[in-house]
Amino acid sequence: MKIKPGKLRNRFWPSIALVALALVLASCASVPYMPGEAKVQKTVALINSGGVPGIKGLSDAPFIFDAEILLLQAEVASLWDNLKATGFGIGKAKIVSISRIGDESYRLFSPTAEVRAFFKKYLNRDSVLVTLDTSEGRYLVILNREVKGYPRIQGFKGPTK
Amino acid sequence: MKARRLTFAGALLFAGLCPLLQAQNAETVFTSGTVGHKNAAGKTVSLEIGDLVRTGESVITKSDGNAELQLTTGKSSIKVKPNSVFMLTERSVGGVKQTVLQAAAGSVSMKFEKLAGKEPLVGSSNCVAGVRGTEVTIYAGMDGSTLMAVSSGAVELESGGSTVSLSANEAVEVKPGQAPGQKFAWLGKEVDYSKWNEGKLADFLADPAGSARKVREQMAGYRDSMLALLPELEKKKADFAAAAAELKRLSDAKDQRSEDYRAGTVFPLIQDQATLFLNIRYYALSVLSMRRFVLGDMYMQMRSRHMLDPGNQQYSDFLGVYADIVTAYEASIVPQLVDADI
Amino acid sequence: MKRALLIIAAIAALYLVMSCAIVKPVTIDECISNFMSDVNNDHSSVYKNLSTSSVKYAQAVPAAYWDIVFPPGYSYALSGQSTAGSTVTASLSGGSLYPGSNIVFTMTQNLDKDYVISSITIASISYFN
């Protein structure tokens, strides 16, 4: 049976297109994570509703809370459970900045050797520092790549005046 | 201060009964759920069967994690329960290096075969015990308390300058900075750790500043022991500097005594410094363990419960003690740590 | 369209290949050389040449430990280095402190197939194992 050249090309082009798409998507995974404002506000709403404990893997150890390093999953879980139980919420938050973690970012949490070491060891190129202003003061939240549609929460500090 | 030195001296006395021990490693024989292995460089990876946990390393289990390890010398097993931290450390007692198996948080049970003089020391952040042919479980509470329960064998436990001997089916609770409590009969049933720890949490919340003061006392004990060694190390360093200068003089003069002086005076000074350094590291890492797993948890509990009422008096009183502890910690312990320890 | 897809595929493939780092394992000689360089220049990095399997690894992490074994103020060098299997023997010079003292390294490979030092003995005294 003779195969016409035109028909042969048509059969393989969809496969080539799929491979190309896969390669492009794979290359996108190496671009550092940067949530948009909508994602940040979605996270704030989740914290306000006490919904963090309900999403498995959303906030895990190691975690930085003010200047304290929490290394046990049970401690991080207890943190969010306590916040929910007291009815805590960030409230209406104005996003001041969403920025990459830099060499000196740790000082905003605490200018100590331990906090510097935490930032160096446990945060990565996908970790992002979000600064929020509210009527209670300023909050700092460290976010990372998403779990179930929400950025993972790696750290939390505030409110500070 | 004096109580802390007695504790160390007591451990020395007990350890003196045991012949020289090689520092031990532990091989992983079982894991389930999420179990982390933190190496001495501070890097945490997943713990797998066959992995060796070495001196200076930790095993950290999450809420679904369980791990079982076996010491590479002798038939002894260590079971790390969920939400727990097990640390394998080493310290030099009277010139003899001994392994210390520590339950830094949560619940860890250990079973040792009766090997003459080979059992390591066991303990938590606030006590150390020598064991002999023993099956023992250690529960580390969120307030720094320890419950040690012996299923079989014998345990000699030191804390707050006092010693208590436990036999099979006996247990004792030790609060931070205090002597062991009254020992009681323990019928071998596993303690419901969650319930026990909830009790510790309730005790803590009833008097947070008081609990923090006890932790401060415990940490101060370790710190004082460490601080006592620092001048010794500095003296050895000074002696070494003088000896090195003398060695240089003898060498430059091509004096035949230089070889003997090097071997007999200079090299022993290097060895002495190394031993002192190891002990200083042991105390500093013990305080770090309390800072991280006890004080850190206390802070989290108080802060997260008082986000909406930061002016609460109990919370303010706690913060006063907390700040005091952290200041002392930053001044005297942090200089002895490296980034890999954090 | 077809040409465009081909170009996209080629660029993506090139990106992936370039983003992969190809690193050769560290050899015995390289490890010893790195170790001596750190001994002379940066004691806080000495531990990176050591095997995490060794009992004293945690002890050996701080730079202060290596300040004890290799006190500052001397220039340290190896001569007559020879390798037999996993054992490296050399003569260590470091002023009057180590005037050609015998130094023996035991080497091992880590999971990345890099050679690392699992023990160090100087003049028959073990400083790392």
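Every number here is computed from the coordinates shown, using simple stated rules; none is lab data. Since the structure is predicted, the reported quantities are computational estimates derived from the model, not experimental observations. Cβ: placed from backbone, ideal geometry, glycine included. Neighbour counts: every protein chain shown.
Please label the shape of the range A:27-161 as rounded, prolate or oblate, based on the square roots a ≥ b ≥ c of the eigenvalues of the alpha-carbon gyration tensor (a/c under 1.5 means rounded; beyond that, a/b larger than b/c means prolate, else oblate).
Verdict is rounded for the range A:27-161.
Expressed as an acute angle from 0 to 90° and rounded to the nearest 10, what is the orientation of the C-alpha long axis of helix B:193-206 relative to the principal long axis of chain B?
90
With θ set to phi - 60° and the Karplus curve 6.51 cos²θ - 1.76 cosθ + 1.60, what are the ³J(HN,Hα) couplings of the range A:42-59 in order, to the nearest whole Hz, using x for Gly and Pro?
Going residue by residue, I get 5, 5, 4, 4, 5, 5, 4, 8, x, x, 4, x, x, 10, 5, x, 6, 9 Hz, with x marking Gly and Pro.
What FRET efficiency do you get for residue B:271 and residue B:152 if R0 is 41 Å and r is their Cβ-Cβ distance, rounded to the nearest 0.05?
The calculated FRET efficiency here is 0.60.
Which residue, B:311, B:199, B:42, tops the fluctuation ranking in a GNM of chain B built on C-alpha contacts under 10 Å?
B:311
If you take the beta carbon distance between residue B:179 and residue B:205 as r and set R0 to 25 Å, what does 1/(1 + (r/R0)^6) give as a FRET efficiency, to the nearest 0.05?
0.55
For residue C:126, list long-range residues whose amide hydrogen, built 1.01 Å from N in the peptide plane, is under 5 Å from its own amide hydrogen.
none
Roughly how many nanometres apart are two label points built 7 Å out from the Cα toward the Cβ at residue C:24 and residue B:66?
Distance between label points: 4.9 nm.
How far apart, in nm, are the 7 Å Cα→Cβ label points at residue A:92 and residue B:327?
4.0
Would you mind checking A:42/A:94; B:214/B:235; A:121/A:157; B:81/B:189; B:38/B:235; B:111/B:189 for any pair whose Cα atoms are more than 23 angstrom apart?
As for pairs spanning more than 23 Å Cα to Cα, those are B:214/B:235; B:38/B:235.
Most mobile of B:297, B:207, B:255 per a Gaussian network model of chain B (Cα springs, under 10 Å)?
B:255
Residue B:72's amide H: which non-local residues (gap 5+, or another chain) put their own amide H closer than 5 Å, with H modeled 1.01 Å from N in plane and none for Pro or chain starts?
It is B:25, B:26, B:27, by chain and number.
Quick one: 3J(HN,Hα) in Hz for the range B:318-325, Karplus 6.51/-1.76/1.60 with θ = phi - 60°, rounded, Gly and Pro as x.
4, 4, x, 5, 4, 4, 4, 5
Which of these, B:36, B:130, B:264, has the largest mean-square fluctuation under a Gaussian network model of chain B (Cα springs below 10 Å)?
Highest fluctuation among the options: B:264.
Considering the Cα positions of the protein assembly as shown, please state its Rg to one decimal place and its Dmax as a whole number of Å.
28.0, 99
Give the share of C-alpha pairs in each 5 angstrom bin for the range B:132-218, from 0 to the last occupied bin, in whole percents, shortest bins first.
3, 15, 24, 23, 19, 11, 4, 1
For residue B:152, enumerate residues with amide H under 5 Å from its amide H, sequence gap 5+ or separate chain, H modeled in the peptide plane.
When sequence neighbours closer than 5 places are left aside, the close amide H contacts are B:135, B:169.
Determine ³J(HN,Hα), in whole Hz, for all residues of the range B:274-289 in sequence, where each value follows from phi through the Karplus function 6.51 cos²θ - 1.76 cosθ + 1.60 and θ = phi - 60°; x replaces Gly and Pro.
Going residue by residue, I get 4, 5, 4, 4, 4, 5, 4, 4, 4, 5, 4, 5, 5, 5, 4, 4 Hz, with x marking Gly and Pro.
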